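See structure below.
The values are calculated or read from the model by the stated rules, or taken from the named source; none is laboratory data. Source: prediction; values computed, not measured. Positions of Cβ are backbone-derived with ideal geometry, glycine not excepted, and every protein chain shown enters the neighbour counts. Just so you know, the surface numbers come from the protein's heavy atoms only, side chains and all, with ligands and any DNA or RNA stripped out. Shrake-Rupley method; radii C 1.70, N 1.55, O 1.52, S 1.80 Å.
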Amino acid sequence: MGRTSRAWLLRTCGCFVLLAGCAWAEPADWIWSGRYVITMDAGRRVIENGAVAIRGDSIVAAGSKSEIDRRYQPRQRLDRPDALIAPGLINTHTHAPMVLLRGIADDLRLQEWLERYIFPAEARNITPEFVRWGTRLACLEMLLSGTTTFTDMYYFEDVIAETAKECGIRGVLGETIIGFPSPDAKTPADALRLTEKFMQRFRSDPLITMAPAPHAIFTNSDETLKQARALADRYSAPLLIHLSETKRENDETLAKRGKTPTAALDALGIFSGPTLAAHAVWLDDADLNILRERRVGVAHCPSSNMKLGSGAAPVAKMLTLGIAVGLGTDGPAGSNNDLNLFEEMDLASKLQKLVTSDPQALPARQALELATIGGARALGLDKQTGSLEPAKRADLITVRLDRPNAVPLYDVYSQMVYALKGSDVQDVMVNGRLVVRDAQPLTIDQKQVLAKGREFGRKVAESLKAR
Ligand SMILES: [Zn+2]
(Lines give C-alpha, C1' and ligand atoms only; values in the text may rest on other atoms or scores of the structure.)
Protein backbone atom coordinates (compact mmCIF):
# COMPACT_ATOMS: atom_id res chain seq x y z
CA MET A 1 0.00 0.00 0.00
CA GLY A 2 1.42 3.38 -1.03
CA ARG A 3 1.95 6.16 1.43
CA THR A 4 -1.01 8.17 0.06
CA SER A 5 -3.47 5.31 0.21
CA ARG A 6 -2.31 4.38 3.74
CA ALA A 7 -2.86 7.98 4.85
CA TRP A 8 -6.28 7.90 3.18
CA LEU A 9 -7.17 4.67 4.98
CA LEU A 10 -6.06 6.07 8.34
CA ARG A 11 -8.05 9.21 7.76
CA THR A 12 -11.11 7.25 6.71
CA CYS A 13 -10.89 4.90 9.67
CA GLY A 14 -10.30 7.84 11.97
CA CYS A 15 -13.42 9.54 10.63
CA PHE A 16 -15.35 6.30 10.92
CA VAL A 17 -14.33 5.83 14.55
CA LEU A 18 -15.21 9.44 15.27
CA LEU A 19 -18.57 9.17 13.50
CA ALA A 20 -19.33 5.87 15.20
CA GLY A 21 -18.42 7.45 18.52
CA CYS A 22 -20.78 10.37 17.85
CA ALA A 23 -23.55 8.11 16.58
CA TRP A 24 -23.42 6.02 19.73
CA ALA A 25 -23.14 8.89 22.15
CA GLU A 26 -26.48 10.27 23.27
CA PRO A 27 -26.78 13.98 23.87
CA ALA A 28 -26.81 15.24 27.46
CA ASP A 29 -26.80 18.69 28.99
CA TRP A 30 -24.28 17.85 31.68
CA ILE A 31 -21.87 15.23 32.82
CA TRP A 32 -20.72 15.57 36.43
CA SER A 33 -17.83 13.35 37.48
CA GLY A 34 -16.25 12.83 40.88
CA ARG A 35 -14.02 10.55 42.88
CA TYR A 36 -17.11 8.85 44.28
CA VAL A 37 -20.78 8.95 43.36
CA ILE A 38 -23.04 8.07 46.30
CA THR A 39 -26.26 7.13 44.54
CA MET A 40 -28.58 6.20 47.47
CA ASP A 41 -30.44 4.07 44.91
CA ALA A 42 -32.15 0.83 45.97
CA GLY A 43 -28.83 -1.06 45.87
CA ARG A 44 -27.07 1.84 47.66
CA ARG A 45 -24.38 1.84 44.97
CA VAL A 46 -21.25 3.87 45.61
CA ILE A 47 -19.31 4.29 42.37
CA GLU A 48 -15.62 5.05 42.56
CA ASN A 49 -14.50 7.34 39.72
CA GLY A 50 -18.15 7.80 38.89
CA ALA A 51 -20.25 10.19 36.85
CA VAL A 52 -23.81 11.34 36.40
CA ALA A 53 -25.38 12.34 33.07
CA ILE A 54 -28.15 14.94 33.13
CA ARG A 55 -30.61 15.98 30.43
CA GLY A 56 -33.07 18.80 31.01
CA ASP A 57 -34.36 18.57 34.57
CA SER A 58 -33.55 14.87 35.01
CA ILE A 59 -30.80 12.37 35.58
CA VAL A 60 -30.38 10.03 32.62
CA ALA A 61 -27.64 7.78 34.03
CA ALA A 62 -25.22 7.25 36.90
CA GLY A 63 -22.25 4.94 36.40
CA SER A 64 -18.50 4.77 36.06
CA LYS A 65 -16.93 7.84 34.50
CA SER A 66 -15.57 5.83 31.57
CA GLU A 67 -18.99 4.35 30.83
CA ILE A 68 -20.85 7.66 31.11
CA ASP A 69 -18.22 9.42 28.96
CA ARG A 70 -18.60 6.71 26.31
CA ARG A 71 -22.39 6.83 26.28
CA TYR A 72 -23.07 10.56 26.49
CA GLN A 73 -21.97 13.66 24.63
CA PRO A 74 -22.58 16.56 27.06
CA ARG A 75 -22.94 20.24 26.27
CA GLN A 76 -21.21 21.09 29.56
CA ARG A 77 -19.22 19.16 32.13
CA LEU A 78 -18.16 19.48 35.72
CA ASP A 79 -15.21 17.28 36.64
CA ARG A 80 -14.37 17.11 40.34
CA PRO A 81 -11.69 14.44 40.85
CA ASP A 82 -11.22 15.71 44.42
CA ALA A 83 -14.88 15.67 45.41
CA LEU A 84 -17.75 13.26 45.88
CA ILE A 85 -21.15 13.55 44.25
CA ALA A 86 -24.26 12.89 46.35
CA PRO A 87 -27.99 13.49 46.13
CA GLY A 88 -29.01 16.97 47.30
CA LEU A 89 -30.01 16.99 50.97
CA ILE A 90 -33.64 17.30 52.06
CA ASN A 91 -34.71 19.42 55.02
CA THR A 92 -38.10 18.11 56.16
CA HIS A 93 -38.88 20.80 58.74
CA THR A 94 -38.05 24.46 59.13
CA HIS A 95 -39.48 27.97 59.31
CA ALA A 96 -37.14 29.61 56.80
CA PRO A 97 -37.82 33.37 57.25
CA MET A 98 -37.07 33.02 60.96
CA VAL A 99 -33.37 33.21 60.04
CA LEU A 100 -33.90 36.94 60.55
CA LEU A 101 -34.57 36.16 64.23
CA ARG A 102 -31.52 33.89 64.47
CA GLY A 103 -30.11 34.03 68.00
CA ILE A 104 -32.60 36.68 69.19
CA ALA A 105 -32.80 34.84 72.53
CA ASP A 106 -31.31 31.50 73.47
CA ASP A 107 -31.08 29.12 76.40
CA LEU A 108 -34.60 29.83 77.68
CA ARG A 109 -37.65 27.73 78.40
CA LEU A 110 -39.89 27.42 75.34
CA GLN A 111 -42.77 29.42 76.86
CA GLU A 112 -40.58 32.33 77.96
CA TRP A 113 -38.72 32.31 74.63
CA LEU A 114 -42.00 32.43 72.72
CA GLU A 115 -43.84 34.94 74.90
CA ARG A 116 -41.04 37.40 75.64
CA TYR A 117 -39.23 37.36 72.33
CA ILE A 118 -40.65 35.47 69.37
CA PHE A 119 -44.34 36.48 69.52
CA PRO A 120 -43.61 40.23 70.07
CA ALA A 121 -40.83 40.22 67.46
CA GLU A 122 -43.14 38.53 64.96
CA ALA A 123 -46.12 40.74 65.78
CA ARG A 124 -44.02 43.88 65.15
CA ASN A 125 -41.95 42.76 62.17
CA ILE A 126 -43.50 40.05 60.02
CA THR A 127 -44.43 41.53 56.66
CA PRO A 128 -44.19 40.09 53.14
CA GLU A 129 -40.85 41.93 52.75
CA PHE A 130 -39.48 40.43 55.98
CA VAL A 131 -40.51 37.01 54.70
CA ARG A 132 -39.01 37.61 51.25
CA TRP A 133 -35.59 38.68 52.53
CA GLY A 134 -35.60 36.09 55.27
CA THR A 135 -36.31 33.38 52.72
CA ARG A 136 -33.55 34.66 50.43
CA LEU A 137 -31.09 34.48 53.33
CA ALA A 138 -32.33 31.01 54.29
CA CYS A 139 -32.11 29.76 50.69
CA LEU A 140 -28.58 31.12 50.45
CA GLU A 141 -27.57 29.25 53.61
CA MET A 142 -29.37 26.06 52.56
CA LEU A 143 -28.03 25.95 48.99
CA LEU A 144 -24.44 26.70 50.06
CA SER A 145 -24.61 23.78 52.53
CA GLY A 146 -26.07 21.29 50.06
CA THR A 147 -29.82 21.41 50.73
CA THR A 148 -31.83 21.11 47.52
CA THR A 149 -35.32 20.59 49.01
CA PHE A 150 -36.78 22.27 52.07
CA THR A 151 -40.05 21.88 53.91
CA ASP A 152 -41.45 25.01 55.44
CA MET A 153 -44.17 26.09 57.85
CA TYR A 154 -44.68 29.83 58.14
CA TYR A 155 -46.80 32.79 57.06
CA PHE A 156 -47.02 34.46 53.62
CA GLU A 157 -46.05 31.11 52.18
CA ASP A 158 -46.79 32.44 48.65
CA VAL A 159 -43.91 34.88 49.07
CA ILE A 160 -41.74 31.99 50.25
CA ALA A 161 -42.73 30.05 47.11
CA GLU A 162 -41.89 32.99 44.82
CA THR A 163 -38.53 33.39 46.54
CA ALA A 164 -37.74 29.67 46.46
CA LYS A 165 -38.40 29.64 42.70
CA GLU A 166 -36.21 32.69 42.20
CA CYS A 167 -33.38 31.00 44.17
CA GLY A 168 -33.94 27.70 42.34
CA ILE A 169 -34.57 25.45 45.36
CA ARG A 170 -37.29 22.79 45.68
CA GLY A 171 -39.89 23.45 48.38
CA VAL A 172 -42.74 21.72 50.16
CA LEU A 173 -44.33 24.82 51.60
CA GLY A 174 -46.95 24.73 54.31
CA GLU A 175 -49.08 27.78 55.03
CA THR A 176 -49.58 27.90 58.79
CA ILE A 177 -53.11 27.49 60.10
CA ILE A 178 -53.40 28.42 63.75
CA GLY A 179 -56.25 29.19 66.14
CA PHE A 180 -55.38 32.85 66.80
CA PRO A 181 -54.74 35.91 64.60
CA SER A 182 -51.50 35.50 62.62
CA PRO A 183 -49.51 37.96 60.47
CA ASP A 184 -51.45 36.99 57.34
CA ALA A 185 -54.80 35.64 58.55
CA LYS A 186 -57.21 36.84 61.22
CA THR A 187 -58.91 33.47 61.69
CA PRO A 188 -58.24 29.82 60.83
CA ALA A 189 -60.99 30.09 58.19
CA ASP A 190 -59.04 32.95 56.55
CA ALA A 191 -55.86 30.88 56.74
CA LEU A 192 -57.60 27.92 55.07
CA ARG A 193 -58.88 30.16 52.27
CA LEU A 194 -55.41 31.64 51.80
CA THR A 195 -53.87 28.19 51.73
CA GLU A 196 -56.26 27.06 49.02
CA LYS A 197 -55.46 30.15 46.95
CA PHE A 198 -51.72 29.34 47.18
CA MET A 199 -52.36 25.70 46.35
CA GLN A 200 -54.23 26.73 43.20
CA ARG A 201 -51.54 29.21 42.21
CA PHE A 202 -48.63 26.75 42.45
CA ARG A 203 -50.61 23.67 41.47
CA SER A 204 -48.40 22.31 38.67
CA ASP A 205 -45.14 24.01 39.58
CA PRO A 206 -42.04 21.87 38.94
CA LEU A 207 -40.34 23.06 42.16
CA ILE A 208 -43.13 23.89 44.60
CA THR A 209 -45.59 21.69 46.47
CA MET A 210 -48.01 23.79 48.52
CA ALA A 211 -49.55 22.24 51.62
CA PRO A 212 -51.81 23.12 54.53
CA ALA A 213 -49.85 23.23 57.78
CA PRO A 214 -52.12 23.26 60.83
CA HIS A 215 -49.62 24.22 63.52
CA ALA A 216 -50.47 21.46 66.04
CA ILE A 217 -53.33 19.69 67.75
CA PHE A 218 -53.30 22.08 70.74
CA THR A 219 -53.42 25.28 68.65
CA ASN A 220 -56.31 24.30 66.36
CA SER A 221 -59.91 23.21 66.78
CA ASP A 222 -60.91 19.73 65.64
CA GLU A 223 -63.02 21.29 62.91
CA THR A 224 -60.07 23.29 61.53
CA LEU A 225 -57.88 20.20 61.58
CA LYS A 226 -60.48 18.24 59.62
CA GLN A 227 -60.88 21.04 57.10
CA ALA A 228 -57.10 21.18 56.63
CA ARG A 229 -57.10 17.43 55.91
CA ALA A 230 -59.93 17.81 53.39
CA LEU A 231 -58.09 20.67 51.69
CA ALA A 232 -54.87 18.63 51.41
CA ASP A 233 -56.86 15.74 49.93
CA ARG A 234 -58.59 17.95 47.35
CA TYR A 235 -55.19 18.93 45.93
CA SER A 236 -53.40 15.61 46.56
CA ALA A 237 -51.00 17.49 48.83
CA PRO A 238 -49.43 16.38 52.08
CA LEU A 239 -50.50 17.88 55.41
CA LEU A 240 -47.71 19.22 57.65
CA ILE A 241 -48.11 19.37 61.43
CA HIS A 242 -46.06 19.52 64.65
CA LEU A 243 -46.60 16.37 66.72
CA SER A 244 -45.66 15.50 70.32
CA GLU A 245 -42.70 17.84 70.44
CA THR A 246 -42.82 18.29 74.21
CA LYS A 247 -43.91 16.23 77.18
CA ARG A 248 -46.22 19.07 78.16
CA GLU A 249 -48.12 18.76 74.86
CA ASN A 250 -48.62 15.06 75.55
CA ASP A 251 -49.63 15.50 79.19
CA GLU A 252 -52.13 18.25 78.38
CA THR A 253 -53.66 16.36 75.47
CA LEU A 254 -53.96 13.23 77.61
CA ALA A 255 -55.62 15.24 80.39
CA LYS A 256 -58.02 16.98 78.01
CA ARG A 257 -58.89 14.18 75.60
CA GLY A 258 -57.83 10.99 77.33
CA LYS A 259 -55.71 10.26 74.28
CA THR A 260 -52.16 10.99 73.12
CA PRO A 261 -51.85 13.62 70.37
CA THR A 262 -51.16 10.83 67.84
CA ALA A 263 -54.23 8.81 68.87
CA ALA A 264 -56.38 11.95 68.98
CA LEU A 265 -55.32 13.08 65.50
CA ASP A 266 -55.88 9.57 64.18
CA ALA A 267 -59.37 9.46 65.71
CA LEU A 268 -60.15 12.73 63.90
CA GLY A 269 -59.07 11.20 60.58
CA ILE A 270 -56.15 13.60 60.15
CA PHE A 271 -53.78 10.79 59.13
CA SER A 272 -56.10 9.45 56.42
CA GLY A 273 -53.90 11.00 53.70
CA PRO A 274 -50.21 11.84 53.23
CA THR A 275 -48.94 13.56 56.40
CA LEU A 276 -45.59 14.76 57.65
CA ALA A 277 -45.30 15.03 61.44
CA ALA A 278 -42.50 17.20 62.80
CA HIS A 279 -40.59 16.12 65.94
CA ALA A 280 -42.63 13.06 67.07
CA VAL A 281 -40.58 12.90 70.27
CA TRP A 282 -43.06 11.65 72.90
CA LEU A 283 -44.49 8.56 71.23
CA ASP A 284 -45.36 5.25 72.84
CA ASP A 285 -45.56 1.93 70.99
CA ALA A 286 -49.25 2.38 70.18
CA ASP A 287 -48.50 5.82 68.67
CA LEU A 288 -45.68 4.36 66.59
CA ASN A 289 -48.02 1.70 65.28
CA ILE A 290 -50.53 4.34 64.24
CA LEU A 291 -47.82 6.24 62.33
CA ARG A 292 -46.73 3.01 60.66
CA GLU A 293 -50.25 1.95 59.70
CA ARG A 294 -51.21 5.39 58.42
CA ARG A 295 -47.87 5.82 56.62
CA VAL A 296 -47.23 9.13 58.37
CA GLY A 297 -43.76 10.50 57.62
CA VAL A 298 -41.64 11.95 60.44
CA ALA A 299 -39.37 15.00 60.40
CA HIS A 300 -36.75 14.28 63.04
CA CYS A 301 -35.08 17.47 64.34
CA PRO A 302 -32.20 16.44 66.62
CA SER A 303 -30.60 19.89 67.09
CA SER A 304 -33.90 21.49 68.01
CA ASN A 305 -34.96 18.67 70.34
CA MET A 306 -31.61 18.87 72.14
CA LYS A 307 -31.40 22.67 72.29
CA LEU A 308 -34.94 23.08 73.66
CA GLY A 309 -34.52 20.09 75.96
CA SER A 310 -37.56 18.46 74.34
CA GLY A 311 -36.32 14.87 74.41
CA ALA A 312 -35.10 12.27 71.95
CA ALA A 313 -37.42 10.86 69.30
CA PRO A 314 -37.40 7.04 69.09
CA VAL A 315 -35.90 7.12 65.61
CA ALA A 316 -34.18 3.72 65.72
CA LYS A 317 -37.55 2.14 66.60
CA MET A 318 -39.33 4.09 63.87
CA LEU A 319 -36.88 2.82 61.28
CA THR A 320 -37.24 -0.77 62.49
CA LEU A 321 -41.00 -0.40 62.00
CA GLY A 322 -40.49 0.94 58.47
CA ILE A 323 -41.74 4.46 59.22
CA ALA A 324 -40.36 7.02 56.71
CA VAL A 325 -38.10 9.43 58.62
CA GLY A 326 -36.38 12.55 57.32
CA LEU A 327 -34.25 15.18 59.02
CA GLY A 328 -35.25 18.73 59.81
CA THR A 329 -33.33 21.68 61.16
CA ASP A 330 -36.43 23.32 62.64
CA GLY A 331 -35.69 26.84 63.80
CA PRO A 332 -33.70 28.66 62.84
CA ALA A 333 -34.58 31.43 65.32
CA GLY A 334 -33.75 29.89 68.68
CA SER A 335 -34.17 26.17 68.31
CA ASN A 336 -31.07 25.40 66.27
CA ASN A 337 -29.86 28.19 65.07
CA ASP A 338 -28.77 27.24 61.57
CA LEU A 339 -29.94 25.31 58.51
CA ASN A 340 -27.07 22.86 58.18
CA LEU A 341 -28.15 19.29 57.43
CA PHE A 342 -24.60 17.91 57.77
CA GLU A 343 -24.85 18.78 61.45
CA GLU A 344 -28.30 17.15 61.71
CA MET A 345 -26.99 13.89 60.19
CA ASP A 346 -24.12 13.82 62.64
CA LEU A 347 -26.33 14.65 65.64
CA ALA A 348 -29.14 12.28 64.63
CA SER A 349 -26.70 9.40 64.64
CA LYS A 350 -25.03 10.37 67.91
CA LEU A 351 -28.29 11.13 69.71
CA GLN A 352 -29.66 7.63 68.98
CA LYS A 353 -26.40 6.08 70.18
CA LEU A 354 -26.61 8.14 73.38
CA VAL A 355 -30.21 7.36 74.26
CA THR A 356 -30.04 3.66 73.39
CA SER A 357 -26.51 3.19 74.86
CA ASP A 358 -25.78 1.39 71.62
CA PRO A 359 -22.96 2.60 69.34
CA GLN A 360 -24.49 0.56 66.53
CA ALA A 361 -27.72 2.59 66.56
CA LEU A 362 -28.35 4.75 63.47
CA PRO A 363 -25.09 4.05 61.60
CA ALA A 364 -23.65 6.57 59.14
CA ARG A 365 -25.31 5.14 56.05
CA GLN A 366 -28.71 5.25 57.71
CA ALA A 367 -28.12 8.85 58.80
CA LEU A 368 -27.39 9.80 55.19
CA GLU A 369 -30.54 7.93 54.15
CA LEU A 370 -32.58 10.16 56.48
CA ALA A 371 -31.11 13.28 54.85
CA THR A 372 -31.77 12.03 51.30
CA ILE A 373 -34.07 9.19 50.22
CA GLY A 374 -35.68 8.86 53.68
CA GLY A 375 -36.65 12.53 53.67
CA ALA A 376 -38.00 12.16 50.13
CA ARG A 377 -40.13 9.18 51.26
CA ALA A 378 -41.40 11.09 54.29
CA LEU A 379 -42.51 13.89 51.96
CA GLY A 380 -43.95 11.57 49.29
CA LEU A 381 -41.33 12.89 46.82
CA ASP A 382 -39.30 9.69 46.47
CA LYS A 383 -40.30 9.22 42.84
CA GLN A 384 -38.79 12.63 42.08
CA THR A 385 -35.77 13.13 44.29
CA GLY A 386 -33.61 11.71 47.11
CA SER A 387 -31.28 9.51 45.03
CA LEU A 388 -29.18 9.63 41.89
CA GLU A 389 -30.84 7.32 39.39
CA PRO A 390 -32.38 7.59 35.92
CA ALA A 391 -35.65 9.53 35.60
CA LYS A 392 -35.27 11.30 38.93
CA ARG A 393 -34.95 15.06 38.96
CA ALA A 394 -31.35 16.29 38.83
CA ASP A 395 -30.94 17.41 42.47
CA LEU A 396 -27.27 16.80 43.30
CA ILE A 397 -24.26 18.22 45.09
CA THR A 398 -20.51 17.87 45.13
CA VAL A 399 -18.59 17.86 48.41
CA ARG A 400 -14.85 18.57 48.59
CA LEU A 401 -12.52 15.80 49.67
CA ASP A 402 -9.35 17.91 49.66
CA ARG A 403 -9.74 19.55 53.05
CA PRO A 404 -7.99 18.36 56.24
CA ASN A 405 -11.23 16.98 57.69
CA ALA A 406 -11.68 14.79 54.60
CA VAL A 407 -8.29 13.02 54.61
CA PRO A 408 -7.72 10.09 54.59
CA LEU A 409 -10.93 8.46 53.39
CA TYR A 410 -11.81 4.84 54.20
CA ASP A 411 -15.60 4.95 54.00
CA VAL A 412 -17.64 7.57 52.16
CA TYR A 413 -20.71 7.26 54.41
CA SER A 414 -18.63 7.71 57.54
CA GLN A 415 -16.93 10.72 55.95
CA MET A 416 -20.22 12.33 54.86
CA VAL A 417 -21.88 11.99 58.25
CA TYR A 418 -19.09 12.32 60.82
CA ALA A 419 -16.36 14.40 59.14
CA LEU A 420 -17.57 16.56 56.24
CA LYS A 421 -19.28 19.91 56.84
CA GLY A 422 -21.89 21.96 55.04
CA SER A 423 -19.08 24.39 54.20
CA ASP A 424 -17.36 21.63 52.19
CA VAL A 425 -20.17 21.69 49.61
CA GLN A 426 -18.76 22.92 46.31
CA ASP A 427 -21.49 22.72 43.66
CA VAL A 428 -25.26 22.37 43.77
CA MET A 429 -27.80 21.58 41.06
CA VAL A 430 -31.58 21.60 41.56
CA ASN A 431 -33.97 20.32 38.90
CA GLY A 432 -31.18 20.41 36.30
CA ARG A 433 -30.25 24.02 37.05
CA LEU A 434 -26.79 24.82 38.41
CA VAL A 435 -27.39 27.09 41.40
CA VAL A 436 -24.02 26.99 43.21
CA ARG A 437 -20.67 26.67 41.45
CA ASP A 438 -17.41 26.43 43.34
CA ALA A 439 -19.17 27.53 46.54
CA GLN A 440 -20.53 30.68 44.86
CA PRO A 441 -24.29 31.20 44.57
CA LEU A 442 -25.44 31.77 40.98
CA THR A 443 -29.05 32.72 41.70
CA ILE A 444 -28.71 34.91 44.79
CA ASP A 445 -26.88 38.21 45.30
CA GLN A 446 -24.97 37.18 48.41
CA LYS A 447 -23.67 40.62 49.35
CA GLN A 448 -27.08 42.25 49.07
CA VAL A 449 -28.84 39.47 51.01
CA LEU A 450 -26.33 39.62 53.88
CA ALA A 451 -26.64 43.42 54.05
CA LYS A 452 -30.44 43.16 54.14
CA GLY A 453 -30.23 40.47 56.81
CA ARG A 454 -28.22 42.78 59.05
CA GLU A 455 -30.62 45.66 58.36
CA PHE A 456 -33.64 43.55 59.42
CA GLY A 457 -31.68 42.41 62.49
CA ARG A 458 -31.27 46.03 63.59
CA LYS A 459 -34.98 46.75 63.04
CA VAL A 460 -36.04 43.70 65.07
CA ALA A 461 -33.72 44.66 67.95
CA GLU A 462 -35.17 48.21 67.93
CA SER A 463 -38.73 46.91 67.93
CA LEU A 464 -38.07 44.85 71.05
CA LYS A 465 -36.56 47.83 72.89
CA ALA A 466 -39.74 49.83 72.28
CA ARG A 467 -41.71 47.69 74.73
ZN1 LIG B 1 -41.27 23.74 63.96
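For the range 359-406, what class follows from the C-alpha gyration tensor (a ≥ b ≥ c being the square roots of its eigenvalues): rounded when a/c is under 1.5, otherwise prolate if a/b is larger than b/c, else oblate?
Here the range 359-406 falls in the oblate category.
What is the sum of charges around residue 171, taking Lys and Arg as +1, Asp and Glu as -1, for the other residues whose C-beta is under 11 Å from the C-beta of residue 171?
Computed value for this residue: -2.
What does the net charge come to around residue 153 if you take all other residues with beta carbon closer than 12 Å to its beta carbon, with K and R at +1 and D and E at -1?
Working: positive: none; negative: 152, 157, 175, 330.
Result for the local shell: -4.
Assuming a viscosity of 0.890 mPa s and a temperature of 25 °C, what translational diffusion coefficient in µm² per second does Stokes-Einstein assign to the range 92-227, Rh being the Kirkwood radius over Cα pairs?
On the way: Rh = 15.3 Å.
Estimated diffusion coefficient is 160 µm²/s.
Students often get this wrong: which residues of the range 78-99 have the backbone nitrogen under 16 Å from the point 7 angstrom along Cα-to-C-beta of residue 48?
Of the residues in the range 78-99, 81-85 have backbone N under 16 Å from the label point off residue 48.
Quick one: Debye curve from the C-alpha atoms of the range 377-467, no solvent, what's log10 I(q)/I(0) at q = 0.15, 0.16, 0.18, 0.19 Å⁻¹?
With no solvent term, the Cα-only Debye profile gives -0.83, -0.88, -0.97, -1.00.
Computed on alpha carbon atoms, what radius of gyration and Dmax characterise the range 115-154, expressed in Å?
Computed over the Cα atoms of the range 115-154, radius of gyration and Dmax are 12.3, 34 Å.
Report, in deg cm²/dmol and to the nearest 500, the calculated mean residue ellipticity at 222 nm for the chain, where each DSSP H run with n ≥ 4 adds -39500 (n - 2.57) and the sum is divided by the residue count.
-11500 deg cm²/dmol
If packing is taken as the average number of other Cβ atoms within 10 Å across a peptide's residues, how do 387-394, 324-331 rank, most packed first? Before the final figure, lay out the partial values.
Details: 387-394: 20.4, 324-331: 28.6.
Taking the mean over residues of other Cβ atoms within 10 Å, the ranking is 324-331, 387-394.
Ignoring everything but the protein chains, give the 1.4 Å probe accessible area of residue 197 in square angstrom, nearest 10.
Around 120 Å² of this residue is reachable by solvent.
Quick check: pseudo-label points 7 Å beyond the Cα along Cα→Cβ at residue 284 and residue 230, how many nm apart are they?
Taking the two extended label points, one gets 3.2 nm.
Against the longest principal axis of the chain, how steep is helix 222-234, in degrees 0 to 90 to the nearest 10, with axes from Cα atoms?
Roughly 20 degrees, rounded to the nearest 10.
Which value, in Å² rounded to 10, gives the accessible area of residue 284 with a 1.4 Å probe and all protein chains present?
Ignoring ligands and nucleic acids, residue 284 comes out at about 70 Å².
Might you report the magnitude of the Cβ-based charge dipole of the chain about its Cα centre, with Lys and Arg at +1 and Asp and Glu at -1, to the nearest 20 debye?
Result for the chain is approximately 1160 debye, rounded to the nearest 20.
So, counting K/R as plus one and D/E as minus one, what does the shell of residues with Cβ under 10 Å around residue 282 add up to?
-3
List the relative contact order of the range 235-353 as a percent without decimals, with contacts defined as Cα pairs under 8 Å and 6+ residues apart.
Averaging sequence separation for qualifying contacts and normalising by length gives 22 percent for the range 235-353.
Indicate, rounded to the nearest 5 percent, the antiparallel portion of the DSSP beta bridges found entirely in the chain. Working shown, then result.
On the way: 30 of 69 bridges.
Bridges in the chain are about 45 percent antiparallel.
Give me the 1.4 Å probe accessible area per residue for the chain, excluding ligands and nucleic acids, in Å².
42
In the range 206-246, what trypsin sites (Lys or Arg not before Pro) fall in a loop by DSSP, with at most 12 other Cβ atoms inside 10 Å?
Those that pass, being in a loop and sparsely packed, number zero.
Kindly report, to the nearest 10 Å², the accessible surface of residue 308 as traced by a 1.4 Å probe over protein heavy atoms only.
Counting only protein heavy atoms, residue 308 exposes about 40 Å² to solvent.
Please give the direction-averaged projected area of the C-alpha convex hull for the chain, in square nanometres with one decimal.
The directionally averaged projection comes out at 25.3 nm².
Relative contact order for the chain using alpha-carbon pairs under 8 Å, separation at least 6, rounded to a whole percent?
Averaging sequence separation for qualifying contacts and normalising by length gives 19 percent for the chain.
Put one equal scatterer on each alpha carbon of the range 82-155, apply the Debye formula with no solvent term, and list log10 I(q)/I(0) at q = 0.22 1/Å to two decimals.
Treating every Cα as an identical point scatterer, log10 I(q)/I(0) equals -1.03.
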